[in-house]
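Enquirer: There's a structure below that I have some questions on.
The values are calculated or read from the model by the stated rules, or taken from the named source; none is laboratory data. On a predicted model such as this, the values are computed, not experimentally measured, just so you know. Cβ sites come from the backbone with ideal geometry, for glycine too, and all protein chains shown count toward neighbours. Surface accessibility is based on the protein's heavy atoms, side chains included, excluding ligands, DNA and RNA. Shrake-Rupley method; radii C 1.70, N 1.55, O 1.52, S 1.80 Å.
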Amino acid sequence: MKSKASSFFCGAFFFSLVFLFAFIVEAEERDAPPPALNPFLEAEHSYYSGDFDKAQLLYQYYLNGKPSGDRGNTALYRLGTIHQKNFSCATALRYYKMVLNRAPALELTHDTKFGQAQCLFELEQHDEAEASLKEIVFSHPDAKKKWEAKIYLGRLDEKRLDYKKAIEKLKVIYSQSEDKTIQDQTKELIRQIVIKNLDKITLIRFSKMYSSGFPLDQILLRLISIYRDERDLEELQKTITRFLQLFPEKSERLALESTLKQIEENKENKLRLGVVLPLTGEMSLNGQQVLQGIQLAVNESNLTYQGEELETVVKNSASAPIEQLVEKLATDPSVIGVVGPVLSDSVRDLVPIADRYHLPMMTPTASSSGLAELSPYVFRNAVTRKLQGKYIAEYAVNRLGLRRFVILHPTEEFGFELTDFFVKEVESLGGEVVSVIPYERSQTDFKKQIHEMGGIDDDGLRTLVNDQEKNNIESKSLGQNGQMSRPLVEMGLWSGDEVQNLKVSLELSYDAIFLPGFYDKVGLIVPQLVFYNIDTATLLGSRGWNSPELTKMTGKHMRKGYFIDGFYAQSKRPEVVKFVREYKNTFGEDPTLLSAQAYDAAKMFVKTIHSGAKNRLQVKKELLQIRRFQGVSGETTILPTGEAEKKLFAMKIVKKKIVEDN
């Protein structure tokens, strides 16, 4: 029996060792590269499938076995190409050199040398790249690779700033190669050299070197663009005329003929301000308000003493595709800028035209985030959500001395954005947002959210105080464990087990509530806040508050309310008083925020002309110099992005009336 037990123990021990060994091997295999019957073939499959990360691992795994011969050379070459695709040219170059040191097959040698030359080019080792490329042109068996090497040689001259030689080399390739891909590539490279690298003097010199054909057409088009930007009408007419004579079939013909016609019609050589607005259809009222602000600003421009005249060229964006209308304006060299469009999507659609024609474009209404950053030629003078959130936070902290905030916001895009900008600004100023609470747009009862803010109705307060007194319980400190409020007993007498003549209020852990909603919801929320005894906090809002309906809805419940807006027609500021008076005298109605912002946008264009700007490039430069412009829509500074930094109007509600506070 003892022998049998011993045998059983040994067998069990042996089995355990085998199991443990198997477990260790399995764990090691999990950490190793994926197992493959043939790692090289699997790597090739991944490579040609475009899964380069997996292919890289498999090639490296395969090379760990130190293979010799063609497959090892191919694996090294593939790793070089993968690193080259990932812009790791220095690493790729090391792999290519390893391949060449192993004396690979002739075809692989050619391909490796080509990859090596490309990497040397990218690493700006120009002399070595040139020697390699010349060798490829001489010896590579693939005709297309030879053409590609010649293209690189032309690009080398461009990198060395020898643009004449670069264009000549690329022009030879364009004319001699029968491969359309090569032709298209060289044509585009020459076009980019002409557009990006050649100054006006060089372009004029080159325009005299060629009598016809490509690249003269590209050179003349670039000169036309420069003369249009500079508003050099004489040279512009000459160059357009020459282009039309030499290239009558080109697609640019109609636009250039239109430019000649625009110059001829403007015999008085007036400066023009383009205006693109919806003047018919569902947005026509907004468009009309914007137009009236622009017209008043231009009428007041007073440029005659400078020997300049400014006229508006108005386009109805509801009548035709907006791109077509703005391109028509952009081809006119006397149009120094555009006010409009009114919608954010339209601004985005017009960015390519503004960039192509170097046309400054200022929207007085579009409010989506990031519009001005889309192009160096896009400007904005409008109250954005960022401006609102930032300004009301700054006003609350620096002017009103508030430090701790709760936010109650609608679950809509504008609500989230205003909240984010408010929080960032409060925190940057050393304040604290203790709670952010959302509500649905469809809500009318805000009990749940107000309870989260620490609100308690009168009955609840009395019950809470009685319980605390009976049980000798002290109120928790505010802010402790998220404590948003606590009862504050102001008066009361014990009578038996009850407190008589109890007067109690609610002490809050925060100073103010930011309500970035529209007046209709804020008008419902404020009375409910008071019902739940949140009546000492300062209430803060955005421009959505600016309606007389708000004071009607809130009545006596709005005790300390402040909000901001981009314009206040009843302001006592001198510039606003004058603007409102002139606007009413001219159009017989009160101006709106849209009218005010458009008036200021046009005034800023006028200011650039007063500063000496006479073409669109000078206008763009002067717009970027605007600092503390005293606009009727607030003091304005144009930032390097083209965005307007504005001091908005701070409003407060006093005795059921909205008045200016700053």
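Enquirer: Could you please tell me which pairs satisfy a Cβ distance under 6 Å, a separation of 6+ or placement on different chains, a first residue in region 372-383 that is in contact (Cβ under 8 Å) with a residue 12 or more places away in the chain, and a second residue that is open to solvent by 10 Å² or more (accessible area, probe 1.4 Å) and assigned to a loop (DSSP other than H, G, I, E, B)?
Expert: Pairs found: Ala372/Thr641; Ala372/Glu643; Glu373/Thr641; Arg380/Glu643; Ala382/Thr365; Ala382/Ser367.
Enquirer: Thr280 is checked against (1) open to solvent by 30 Å² or more (accessible area, probe 1.4 Å); (2) within 27 Å of Gln218 (Cα to Cα) and fails just one. What number does that condition carry?
Expert: (2)
Enquirer: Something else about it: In region 241-258, what residues are of a type in the set (A, V, I, L, M), free of Cβ contacts under 8 Å to residues at least 24 places away in the same chain and surrounded by 14 or more Cβ atoms within 10 Å (Cβ to Cβ)? Quick ask: steps written out before the conclusion?
Expert: Just the residues of region 241-258 that are of a type in the set (A, V, I, L, M), to begin with: 244, 246, 254-256.
Retained after the next criterion (residues that are free of Cβ contacts under 8 Å to residues at least 24 places away in the same chain): 244, 254.
Hit for region 241-258 is Leu244, nothing else.
Enquirer: Restricting attention to region 149-170, report how many residues are touching a Gly at 6+ places or on another chain (Cβ under 9 Å) and either surrounded by fewer than 19 Cβ atoms within 10 Å (Cβ to Cβ) or free of Cβ contacts under 8 Å to residues at least 12 places away in the same chain (or both).
Expert: Count: 2.
Enquirer: Something else now. Which numbered condition trips up Gly588, out of (1) small (Gly, Ala, Ser); (2) on the phi > 0 side of the Ramachandran plot; (3) in contact with a helix residue (DSSP H, G or I) (Cβ under 6 Å, 6 or more places away or on another chain)?
Expert: Single failed check for Gly588: (3).
Enquirer: Just need a number here: residues in region 607-629 that are touching a Ser or Thr at 6+ places or on another chain (Cβ under 9 Å), open to solvent by 30 Å² or more (accessible area, probe 1.4 Å), closer than 15 Å to Met362 by Cβ and assigned to a helix (DSSP H, G or I).
Expert: 3
Enquirer: Still on this model: Specify which of the listed residues (Ile193, Ile201) is out of contact with any Lys or Arg (no Cβ under 9 Å at 6 or more places or on another chain) and crowded, with 20+ Cβ neighbours inside 10 Å.
Expert: Numbers: Ile201 fails: crowded, with 20+ Cβ neighbours inside 10 Å.
It is Ile193.
Enquirer: Further question: So Ile294 fits all but one of (1) more than 27 Å from Asp590 (Cβ to Cβ); (2) touching a Phe, Trp or Tyr at 6+ places or on another chain (Cβ under 8 Å); (3) open to solvent by less than 60 Å² (accessible area, probe 1.4 Å); what number is the exception?
Expert: In the conditions (1) more than 27 Å from Asp590 (Cβ to Cβ); (2) touching a Phe, Trp or Tyr at 6+ places or on another chain (Cβ under 8 Å); (3) open to solvent by less than 60 Å² (accessible area, probe 1.4 Å), Ile294 misses (1) alone.
Enquirer: Right, next: Just a yes or no: is a residue in region 527-545 more than 28 Å from Leu277 (Cβ to Cβ), in a helix (DSSP H, G or I) and in contact with a Phe, Trp or Tyr (Cβ under 6 Å, 6 or more places away or on another chain)? I'd like the intermediate steps shown before the answer.
Expert: Of region 527-545, the ones more than 28 Å from Leu277 (Cβ to Cβ) are 527-541.
Narrowing further to those that are in a helix (DSSP H, G or I): 527-531.
Within this subset, residues satisfying the condition of being in contact with a Phe, Trp or Tyr (Cβ under 6 Å, 6 or more places away or on another chain) are 528.
Within region 527-545 (the criterion being more than 28 Å from Leu277 (Cβ to Cβ), in a helix (DSSP H, G or I) and in contact with a Phe, Trp or Tyr (Cβ under 6 Å, 6 or more places away or on another chain)), the answer is yes, since at least one residue qualifies.
Enquirer: Can you tell me which residue is nearest to the chain's Cα centre (by Cα) among those in region 69-93 that are hydrophobic (A, V, I, L, M, F, W, C) and closer than 18 Å to Ala129 by Cα? Please lay out each step first, then the result.
Expert: Applying the first criterion (hydrophobic (A, V, I, L, M, F, W, C)) to region 69-93 yields 75-76, 79, 82, 87, 89-90, 92-93.
After this cut, where a residue has to be closer than 18 Å to Ala129 by Cα as well, the list is 87, 89-90, 92-93.
Values: Phe87: 27, Cys89: 31, Ala90: 34, Ala92: 35, Leu93: 37 Å.
By that ranking, first place goes to Phe87.
Enquirer: Does at least one position in region 95-109 carry a residue that is within 24 Å of Gln185 (Cβ to Cβ) and hydrophobic (A, V, I, L, M, F, W, C)?
Expert: Within region 95-109 (the criterion being within 24 Å of Gln185 (Cβ to Cβ) and hydrophobic (A, V, I, L, M, F, W, C)), the answer is no, since none of the residues qualifies.
Enquirer: Taking the conditions exactly as written (in a strand (DSSP E or B), aliphatic (A, V, I, L, M) and under 30 Å from Asp445 (Cα atoms)), does Leu550 satisfy them or not?
Expert: Working: in a strand (DSSP E or B): no; aliphatic (A, V, I, L, M): yes; under 30 Å from Asp445 (Cα atoms): yes.
The answer is no for Leu550.
Enquirer: Restricting attention to region 501-526, which residues are outside any helix (DSSP H, G or I) and of a type in the set (A, V, I, L, M, F, W, C)?
Expert: Step one: list which residues in region 501-526 are outside any helix (DSSP H, G or I), which gives 501-518.
Scanning region 501-526 gives Leu502, Val504, Leu506, Leu508, Ala512, Ile513, Phe514, Leu515, Phe518.
Residues checked against (1) under 38 Å from the mean Cα position of the chain (by Cα); (2) at positive phi; (3) among the small types (Gly, Ala, Ser):
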position: Gly154; (1), (2), (3): yes, no, yes
position: Leu161; (1), (2), (3): yes, yes, no
position: Ile167; (1), (2), (3): yes, no, no
position: Tyr174; (1), (2), (3): no, no, no
position: Gln183; (1), (2), (3): yes, no, no
position: Ile190; (1), (2), (3): yes, no, no
position: Asp199; (1), (2), (3): yes, no, no
position: Ile204; (1), (2), (3): yes, no, no
position: Lys208; (1), (2), (3): no, no, no
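Enquirer: Okay, moving on. Check region 564-580 and report whether any residue there is of a type in the set (A, V, I, L, M) and part of a loop (DSSP other than H, G, I, E, B). Quick ask: steps written out before the conclusion?
Expert: Taking region 564-580 first, the residues of a type in the set (A, V, I, L, M) are 564, 569, 576-577, 580.
Pick out the ones that are also part of a loop (DSSP other than H, G, I, E, B) and you get 569.
Yes, the conditions are met somewhere in region 564-580.
Enquirer: Going by what's in this entry, would Ala129 be described as at pLDDT 95 or above, farther than 28 Å from Lys180 by Cβ and open to solvent by less than 40 Å² (accessible area, probe 1.4 Å)? Steps first, answer last, please.
Expert: On the way: at pLDDT 95 or above: yes; farther than 28 Å from Lys180 by Cβ: no; open to solvent by less than 40 Å² (accessible area, probe 1.4 Å): yes.
Answer is no for this residue.
Enquirer: Restricted to region 463-513, and to residues that are of a type in the set (D, E, K, R) and modelled with pLDDT of 80 or more, which residue is nearest to the chain's Cα centre (by Cα)? Spell out how you get there, then give the answer.
Expert: In the first step, residues of region 463-513 are kept if they are of a type in the set (D, E, K, R); the result is 467, 469-470, 474, 476, 486, 490, 497-498, 503, 507, 511.
Still in the running and modelled with pLDDT of 80 or more: 486, 507, 511.
Values: Arg486: 45, Glu507: 43, Asp511: 34 Å.
Out of the qualifying residues, it is Asp511.
Enquirer: Here's something else I'd like to know. Residues being surrounded by fewer than 17 Cβ atoms within 10 Å (Cβ to Cβ) and within 16 Å of Ile513 (Cα to Cα): count how many of those fall in region 449-471.
Expert: 2
Enquirer: Something else about it: Of everything in region 344-386 that's in contact with a Ser or Thr (Cβ under 6 Å, 6 or more places away or on another chain) and under 20 Å from Glu230 (Cα atoms), which residue is most open to solvent (accessible area, probe 1.4 Å)?
Expert: So, considering only residues that are in contact with a Ser or Thr (Cβ under 6 Å, 6 or more places away or on another chain) and under 20 Å from Glu230 (Cα atoms), the one most open to solvent (accessible area, probe 1.4 Å) is Asp355.
Enquirer: Here's something else I'd like to know. Could you list, ordered by first residue, the pairs with Cβ atoms under 9 Å in which the first is in region 109-130 and under 10 Å from Cys89 (Cα atoms) and the second is assigned to a helix (DSSP H, G or I) and among the basic types (Lys, Arg), at least 6 apart or interchain?
Expert: Pairs that qualify, where the first residue is under 10 Å from Cys89 (Cα atoms) and the partner is assigned to a helix (DSSP H, G or I) and among the basic types (Lys, Arg), are Gln116/Lys97; Phe121/Arg155; Phe121/Lys159.
Enquirer: With respect to the numbered conditions (1) open to solvent by 50 Å² or more (accessible area, probe 1.4 Å); (2) touching a helix residue (DSSP H, G or I) at 6+ places or on another chain (Cβ under 8 Å); (3) in a helix (DSSP H, G or I), which one is the sole condition not fulfilled by Ile182?
Expert: Every condition holds for Ile182 apart from (1).
Enquirer: Now for a different question. What pairs come up if the first residue lies in region 58-75 and is open to solvent by 60 Å² or more (accessible area, probe 1.4 Å), the second is of a type in the set (Asp, Glu) and part of a helix (DSSP H, G or I), and their beta carbons are under 6 Å apart, counting only those six or more places apart or on different chains?
Expert: none
Enquirer: Another question, if that's okay. Has region 108-116 got at least one residue that is among the charged types (D, E, K, R), in a helix (DSSP H, G or I) and over 25 Å from Ile167 (Cα atoms)? Even if it seems obvious, please write down each step before you answer.
Expert: Quick first cut of region 108-116, residues among the charged types (D, E, K, R) only: 111, 113.
Still in the list and also in a helix (DSSP H, G or I): 111, 113.
If we keep only those that are over 25 Å from Ile167 (Cα atoms) as well, we get 111, 113.
Taking every residue of region 108-116 in turn, at least one turns out to be among the charged types (D, E, K, R), in a helix (DSSP H, G or I) and over 25 Å from Ile167 (Cα atoms).
Enquirer: One residue is enough: does region 631-652 have a residue meeting the conditions part of a helix (DSSP H, G or I), open to solvent by less than 40 Å² (accessible area, probe 1.4 Å) and closer than 25 Å to Ser369 by Cα?
Expert: no
Enquirer: Scan region 204-229 for residues that are among the basic types (Lys, Arg) and either surrounded by 14 or more Cβ atoms within 10 Å (Cβ to Cβ) or closer than 24 Å to Asp355 by Cα (or both) and report the count. So that I can check it myself, show each step before the final result.
Expert: We begin by selecting, within region 204-229, every residue among the basic types (Lys, Arg); these are 205, 208, 222, 228.
Those left that are additionally either surrounded by 14 or more Cβ atoms within 10 Å (Cβ to Cβ) or closer than 24 Å to Asp355 by Cα (or both): 222, 228.
Residues flagged as among the basic types (Lys, Arg) and either surrounded by 14 or more Cβ atoms within 10 Å (Cβ to Cβ) or closer than 24 Å to Asp355 by Cα (or both) within region 204-229 amount to 2.
Enquirer: Within region 259-274, is even one residue farther than 27 Å from Lys603 by Cβ, modelled with pLDDT under 95 and either open to solvent by less than 50 Å² (accessible area, probe 1.4 Å) or not in a helix (DSSP H, G or I) (or both)?
Expert: yes
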